[in-house]
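This report concerns only the one structure given below.
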Amino acid sequence: MNCELYGKTDIKSMTGHELEEFIVKTGNPKFRAGQLYGWLHKKCAAGFSEMTNIPAALRSKLGEETTLPAFKVLAHLKSGKGDTEKFLFGLGDGNAIESVLMRYKHGNSVCISSQVGCRMGCKFCASTLGGLVRNLNASEMLEQVYSIQRICGERVSNVVVMGSGEPMDNFDNFVRFYELITDKDGQNLSGRNVTVSTCGLVPEIKKLADLKLSLTLAVSLHAASDEERRKIMPVAKKYGIAEILDACRYYFDMTGRRVSFEYSLISGENDSPEDAEKLAALLKGMGAHVNLIPVNPVKERDYKRSNVTNILNFQEILEKNRINATIRREMGADIDAACGQLRRSYELSRGGKEKEEQ
């Protein structure tokens with residue numbers, strides 16, 4: 001578990017018990033740890049200067065020996081409908097990540113990144129262009145939620161770990177994030193209101209199942225056969241669909257939580273009636289939910305989204321086969337709200353294109 005950030009101690013990634021041990025080592029009483037934890041995770045303080053009931057000497061020591069993942073807002077875009085806001089946050093090491101706030105009738109949801117970049121290589125996703133730079137600490141995942149709450153003055157009730165990066169490729173930091181965001185002494189978010197998306201890393205799905213957390217698991221399937229999946233998702237060369245579905249059944253057996261499947265509809269690639277029938281056959285008897293996603297065009301790729309008729313037909317075929325399917329509501333298309341698009345634009349503006357071509 002990484003509790004270091006930018007060469008200093010990362011106290012925001014610590015559990016309450018770890019923070020208590022740390023504070024005692026500084027020569028301060030245990031109760032200071034509880035105060036500090038409350039400032040970090042309940043009040044979402046941006047800096048030590050806000051922590052008014054912490055002695056000045058301790059605040060000074062914390063400022064010297066520890067660090068908080070304070071973000072710089074590089075871009076803040078708002079959709080014309082006002083239901084979506086996208087943030088590009090600058091990190092202390094010069095990297096950038098993006099997060100999205102989505103307003104629904106049932107509450108505010110934030111989609112956060114788990115890595116700077118991604119190494120999974122999915123052909124339809126902008127997040128993977130440029131590859132993986134590094135994992136995010138749990139604190140940096142939390143800070144996306146906390147920063148958005150501070151900026152917008154609104155509480156977040158749902159978190160989706162579905163932005164840039166593969167969360168299961170950053171397993172320990174994700175699990176720590178989950179523990180902290182659901183902690184009763186912090187944001188106290190319901191575990192059921194946390195969704196994590198994976199492209200299908202089988203060992204990690206089983207590892208997550210063994211933890212028996214109450215979160216929602218979403219698996220990015222995006223094809224109904226291994227042959228088609230390998231064309232658009234390199235991870236499919238390592239883990240076949242049958243193996244992934246076995247891991248999903250194991251997840252359900254261990255947690256009792258239904259698995260959702262993400263399916264990006266790409267015109268002429270995976271959106272035919274035959275594809276829908278194959279998918280229905282694969283998921284039969286699993287009690288699964290399928291989230292159909294009209295793919296977001298990425299200029300570096302030539303994939304196009306399915307037309308409305310094909311999307312509706314695909315949904316109808318699944319439902320005729322008793323597979324629950326919904327079409328993801330389009331939000332924030334006017335502000336590049338799809339995974340990786342805003343960060344990609346920022347990196348190119350900094351000269352990333354020239355580096356890529358060298």
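Here is how the numbers come out for the structure above:
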quantity: Tilt relative to the chain, helix 171-181 - C-alpha long axis, 0 to 90 degrees, to 10; calculated: 60
quantity: Sequence of Asp226, Asp210, Asp271, Asp10 once ranked by neighbouring C-beta atoms within 10 Å, starting from the fewest; calculated: Asp210, Asp226, Asp10, Asp271
quantity: For the chain, built as a Gaussian network whose Cα springs stay under 10 Å, the top-fluctuating residue of Arg176, Arg258, Arg150; calculated: Arg150
quantity: 222 nm mean residue ellipticity, helices alone, for the chain (DSSP H n ≥ 4; -39,500 (n - 2.57); rounded to 500); calculated: -10500 deg cm²/dmol
quantity: Global size of segment 121-176 as Cα Rg and Dmax, reported in angstrom; calculated: 12.9, 36
quantity: Fewest-first ranking of Ser60, Ser260, using other Cβ atoms within 10 Å as the exposure measure; calculated: Ser60, Ser260
quantity: Above-threshold pairs, the threshold being 21 Å between Cα atoms, out of Lys78/Lys123; Lys206/Lys231; Lys123/Lys304; Lys231/Lys304; calculated: Lys78/Lys123; Lys206/Lys231
quantity: P(r) tail fraction, segment 229-279 - alpha-carbon pairs more than 16 Å apart, %; calculated: 54
quantity: Total charge dipole magnitude, the chain, about the Cα centre, Cβ charges on Lys, Arg, Asp, Glu only, Debye to nearest 20; calculated: 620
quantity: Stokes-Einstein translational diffusion, the chain - Kirkwood Rh over all Cα pairs, 1.567 mPa s, 4 °C, in µm²/s; calculated: 61
quantity: Using alpha-carbon coordinates, inclination of helix 138-152 to the longest axis of the chain, degrees; calculated: 90
quantity: Sequence-distant lysines (8 or more away, or on other chains) whose Cα lies within less than 16 Å of Lys278; calculated: Lys320
quantity: For segment 72-357, share of DSSP beta bridges that run antiparallel, in % to the nearest 5; calculated: 50
quantity: Candidate lysines for bridging to Lys72, where Cα separation is under 16 Å - those fewer than 8 sequence places away on the same chain excluded; calculated: Lys86
quantity: Cα shape, segment 9-67, gyration tensor, a/c 1.5 rule; calculated: rounded
quantity: Crossing angle, helix 202-211 versus the chain [Cα axis fit, 0-90 degrees, rounded to tens]; calculated: 50
quantity: Shape category assigned to segment 198-270 from the gyration tensor of Cα positions, a/c cut at 1.5; calculated: prolate
quantity: Efficiency of FRET from Cβ geometry, Lys231 and Glu179, R₀ 22 Å, rounded to 0.05; calculated: 0.05
quantity: Per residue convex hull volume, Cα atoms of segment 133-243, in Å³; calculated: 120
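We did not get these values from a lab; they are worked out from the coordinates using the rules stated. The shown structure was predicted, so the numbers you read here are calculated from the model rather than taken from an experiment. Using ideal geometry, Cβ is built from the backbone for each residue, glycine included, and neighbour counts are taken over all protein chains shown.
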